[in-house]
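**Student:** Handing you a structure now.
Computed from the coordinates by the stated procedures, all read-outs in this text should not be read as laboratory data. Quantities reported herein were computed from a predicted structural model and do not represent experimental measurements. In this analysis, Cβ positions are derived from the backbone assuming ideal geometry, glycine residues included, and neighbour counts consider all displayed protein chains.
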């Protein structure tokens, strides 16, 4: 008996402020790093079992942009299509099915229309716990909004940490903040340039630094 071959394609976005900026190439390891990847993997594998097919390949992708779909993943998908069996069906999850959440037109455009199958993001159990992707993404959206609203508080925290160092260069200030593990509002390391842009308006002329000193 011949089983229909399937290829699972799973993707998510980075969350720098939470330290999530990399993803394993091993799908099962990636599923432990990202609940979104875990969900897509389990949903696709369930579909393949029900269809009595065979999952022949899987790929997990991490987008470069935290707030939009981008084209960086297209080359990886194109290579996947070129090297997969000619009759394989490519499985993705259509998160935009209900609320236009996370559409990925670049990913879908790289897949042959006649061999592309987008799964509906239904709720399911993950490790024995109920998971509803719609609620999950709404929670992340609320968290992102709260995070963006906290920029002023973050700026105040930085200024307090830099008290007494007003006459230091921006490079020295950035090194100090990195040394005490106070990162940017997005979770990255400080540089003289991004620190000057972030707190400059709150500290008058931004201190005595000029380009020569940084």
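**Student:** Can you tell me the FRET efficiency between residue 82 and residue 137 if r is taken as the Cβ-Cβ distance and R0 is 30 Å, rounded to the nearest 0.05?
**Tutor:** Efficiency for this residue pair is about 0.40.
**Student:** Would you please report the Å³ per residue occupied by the convex hull of the alpha carbon atoms in the stretch 5-146?
**Tutor:** Output value, Cα hull per residue: 112 Å³.
**Student:** Right, something else. Exposure proxy check: 124, 75, 55 ranked by fewest other beta carbons within 10 Å?
**Tutor:** 75, 124, 55
**Student:** Also, I was wondering about something else. Would you order 2, 92 from fewest to most other beta-carbon atoms within 10 Å of each residue's own beta-carbon?
**Tutor:** The fewest-first ordering by Cβ neighbours comes to 2, 92.
**Student:** Share of Cα-Cα pairs in the stretch 17-85 beyond 14 Å, in percent?
**Tutor:** 67 percent
**Student:** Taking only the Cα atoms of the stretch 155-208, how large is their convex hull per residue, in Å³?
**Tutor:** Spread over its residues, the Cα hull of the stretch 155-208 gives 68 Å³ apiece.
**Student:** Provide 188, 173 in ascending order of the number of other Cβ atoms located within 10 Å of each residue's Cβ, fewest first.
**Tutor:** 188, 173
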